[in-house]
1. Going by the conditions given, is GLU22 touching a Leu at 6+ places or on another chain (Cβ under 7 Å), open to solvent by 50 Å² or more (accessible area, probe 1.4 Å), modelled with pLDDT of 95 or more and not in a helix (DSSP H, G or I)?
2. Listed residues GLY212, GLY242; which is free of Cβ contacts under 8 Å to residues at least 40 places away in the same chain and in contact with a Leu (Cβ under 8 Å, 6 or more places away or on another chain)?
3. Looking at segment 38-50, can you tell me whether even one residue there is within 11 Å of the ligand (Cβ to nearest atom) and open to solvent by less than 50 Å² (accessible area, probe 1.4 Å)?
4. Could you identify the single residue in ILE295, ILE253 that is under 17 Å from the mean Cα position of the chain (by Cα), at pLDDT 95 or above, of a type in the set (A, V, I, L, M) and not in a loop (DSSP other than H, G, I, E, B)?
5. Considering each residue of segment 102-142, count those that are more than 17 Å from GLY251 (Cβ to Cβ), open to solvent by less than 10 Å² (accessible area, probe 1.4 Å) and either within 16 Å of the ligand (Cβ to nearest atom) or free of Cβ contacts under 8 Å to residues at least 60 places away in the same chain (or both), and give that number.
Amino acid sequence: MAITVVGSVAFDTIETPAGRRERCLGGAATYFALAASYFTEVQVIAVVGEDFGPRQESVFKARGIDLRGLERARGKSFFWAGNYLENLNEAKTETTELNVFGDFSPKIPEAYLGTEFLFLANIDPVLQKRVRDAMPQARMVCGDTMNYWINDHRDNLLKVLPGLDVLLINDTEARLISGETNALLAARGVLALGPKAVVVKHGEYGATAYFGEGSFGSKDVPRPFRSPALPLDLVVDPTGAGDSFAGGFFGYIASQKEVTPAVVRRAMFYGGVMGSFAVEKFGTERLQGLSRAEIDARFEVFRELTHLD
Ligand code: AMP
């Protein structure tokens, strides 16, 4: 089953303790689409400028990603520069240039209107809501957000949350949304705002899923589930780890016949697997050249990491 993703397609300048890269292909929708493309078909809704050329396009095409919803506008693509020199778990943003993204009004190709799986990557919640409302047939909707929207556009974000099956956020965002510092209370606080489940990512320490009552066909409240992250000796570039997690997570779910709590738990592992690949090289490089066999082999490593006889 295909997934439609709406979000940023960007150029990123990234500096980490491992080095610096100028203007590499990035954006939340890009990382998500590449990661999910190993599991299912992916359709992108985004906008790029005249600096997005055949070289960038070929990265998507090589993975069979549908770009009919990628609008080309006059001007420059979204540009983001950040570094991880002080903290590998959190980017320090140096520059955000919205460029063509500033006037982005998502246009949904007719061919996408039947899509049952929708991912609302980190963009203005007003746009997230607009896309969600324009695709009422989507039977599972996952979404992401960030501190900027939580702090300065809270009312708009609160209108998006009840429409989500899963909200994927990190620890800091869960605390910001809920106002709670305790992890469990923060997750419950987020669930009270409407999403059926929340996946809280802990950077290099894995992720935890918290479920609302009756979510994914269960009779009661499924217990929280924690998935690991792979201990790595070198994190080259953490950019896009969260979006790659989301791509692995949702891509796996969309590839399954039914969405049950057991499927969601396995999806958490696939999310961790794709996040662990993403950080091994700069930008999207590692996500471009994977094979399903490599992904499944790493899934087994994740299983070993947590298995108890
Ligand atoms: P992540 O590291 O998973 O949180 O996502 C990193 C990607 O998000 C980068 O490739 C950026 O281009 C993109 N990004 C950064 N800031 C924003 C923003 N304000 N809106 C949309 N995308 C962004």
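The values are calculated or read from the model by the stated rules, or taken from the named source; none is laboratory data. It should be emphasised that the depicted structure is a prediction, and the values quoted were computed from it without experimental measurement. We place every Cβ from the backbone using ideal geometry, glycine too, and count neighbours over all the protein chains shown. We work out accessible area using only protein heavy atoms, side chains counted, and drop any ligands, DNA or RNA first. Shrake-Rupley method; radii C 1.70, N 1.55, O 1.52, S 1.80 Å.
1. In short, no.
2. GLY212
3. Within segment 38-50, one or more residues are within 11 Å of the ligand (Cβ to nearest atom) and open to solvent by less than 50 Å² (accessible area, probe 1.4 Å).
4. Criteria check complete, one pass: ILE253.
5. Of the residues in that region, 4 qualify.
So that you can scan it fast, the table gives a plain yes or no per residue for (1) part of a strand (DSSP E or B); (2) crowded, with 19+ Cβ neighbours inside 10 Å; (3) within 15 Å of the ligand (Cβ to nearest atom):
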residue	(1), (2), (3)
PHE60	no, yes, yes
LYS76	no, no, yes
GLY82	yes, yes, yes
GLU86	no, no, no
GLU94	yes, no, yes
